[in-house]
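> Mind having a look at this structure? Questions to follow.
The values are calculated or read from the model by the stated rules, or taken from the named source; none is laboratory data. Not measured: the values here are computed from a predicted model. Counting neighbours? That spans all protein chains shown, and the Cβs are built from the backbone with ideal geometry, glycine included. Heavy atoms of the whole protein, side chains included, go into the accessibility calculation; ligands, DNA and RNA do not. Shrake-Rupley method; radii C 1.70, N 1.55, O 1.52, S 1.80 Å.
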Amino acid sequence: MSFSKTLSYFLVHQLKTSYREVNSWIETGLVEVDGIVVNNNIIISETCEIKVKGVLIRERKQFHYFLFHKPRGVESTLNTEIKNTLCDFIPQELKLHPAGRLDKYSEGLMILTDDGSLTWNLLHTGLEKEYLVTVDKPIDETFRAKMENGIEILGQVTKPCKVFIEDEKTFRIILTQGLNRQIRRMCFKCNVEVQVLKRIQSDHYLLKNLAPGELRSFNPGK
């Protein structure tokens with residue numbers, strides 16, 4: 001999914017004019033994108049500032065990006081009719097939304113943004129997410145192998161993943177998919193029950209020392 005479009009397409013629909021007129025403006029240097037005169041029909045993003053004949057048609061859009069440590073017991077929703085949700089932590093004037101979910105009884109890293117392009121990329125391109133999990137019974141290499149090779153849940157076999165045993169009842173797991181309550185369901189099929197589940201990484205974004213309930217802004221370009 002792309003959030004980009006051609007310059008001429010944008011101007012035709014924004015200014016309710018013809019492609020012939022828009023192309024004439026572009027060819028004669030009357031159109032600026034982010035302060036630079038353009039002479040061809042370039043691809044633009046939703047953040048670009050655009051001027052025609054010196055008149056501002058669209059301001060540069062500034063997106064907001066936050067890492068958030070969702071506490072256990074908080075619902076990953078913005079539904080104001082439900083108690084204990086993300087609404088209790090997000091500045092409402094920023095219009096942020098979560099790029100993915102964590103179930104109520106899990107905690108850890110979430111990315112909150114108003115950038116639809118980043119959200120789509122995190123949700124639909126198979127990026128890795130890492131979790132630290134504690135279960136109620138001892139685990140071993142048989143458990144690890146079974147989890148890594150795929151387990152049938154929700155009518156399908158989970159994709160291969162990576163599992164690293166940390167101690168008798170704790171492991172790290174790296175997934176590239178996010179089925180509903182996937183880790184909990186996989187563990188249940190292995191006859192263990194999840195006691196603590198924490199997401200510690202999403203793509204290259206890390207939870208690190210972010211405290212439960214804390215928001216921290218970041219630059220996605222770095």
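> I'd like to check something: does the stretch 123-141 contain any residue that is part of a helix (DSSP H, G or I) and under 30 Å from Gln62 (Cβ atoms)? Don't jump to the end; show me each part of the working.
Step one: of the stretch 123-141, the residues part of a helix (DSSP H, G or I) are 123-124, 141.
Filter once more, keeping what is under 30 Å from Gln62 (Cβ atoms): 123-124.
Scanning the stretch 123-141 turns up at least one residue that is part of a helix (DSSP H, G or I) and under 30 Å from Gln62 (Cβ atoms).
> Inside the stretch 98-119, can you point out the residues that are of a type in the set (D, E, K, R) and either open to solvent by 40 Å² or more (accessible area, probe 1.4 Å) or part of a loop (DSSP other than H, G, I, E, B) (or both)?
The answer is Arg101, Asp103, Lys104, Asp114, Asp115.
> Next up: Would you check which residues across the stretch 169-206 are assigned to a strand (DSSP E or B), over 16 Å from Ala145 (Cα atoms) and β-branched (Val, Ile, Thr) and list them?
Result: Val194, Val196, Ile200.
> Of the numbered conditions (1) closer than 22 Å to Leu197 by Cβ; (2) free of Cβ contacts under 8 Å to residues at least 12 places away in the same chain; (3) surrounded by 15 or more Cβ atoms within 10 Å (Cβ to Cβ); (4) out of contact with any Asp or Glu (no Cβ under 8 Å at 6 or more places or on another chain), Thr85 fails exactly one; give the number of that condition.
Checking Thr85 against (1) closer than 22 Å to Leu197 by Cβ; (2) free of Cβ contacts under 8 Å to residues at least 12 places away in the same chain; (3) surrounded by 15 or more Cβ atoms within 10 Å (Cβ to Cβ); (4) out of contact with any Asp or Glu (no Cβ under 8 Å at 6 or more places or on another chain), the one that fails is (4).
> Identify, by number, the condition in (1) in contact (Cβ under 8 Å) with a residue 12 or more places away in the chain; (2) loosely packed, with under 15 Cβ neighbours inside 10 Å; (3) in contact with a strand residue (DSSP E or B) (Cβ under 8 Å, 6 or more places away or on another chain); (4) not basic (Lys, Arg) that Phe66 doesn't meet.
Condition (2) is where Phe66 drops out.
> Please go through the stretch 166-214 and give me each residue that is more than 21 Å from the chain's Cα centre (by Cα), open to solvent by less than 60 Å² (accessible area, probe 1.4 Å) and either polar (S, T, N, Q) or more than 24 Å from Leu122 (Cα to Cα) (or both), ordered by number.
Thr170, Cys187, Cys190, Val192, Val194, listed by residue number.
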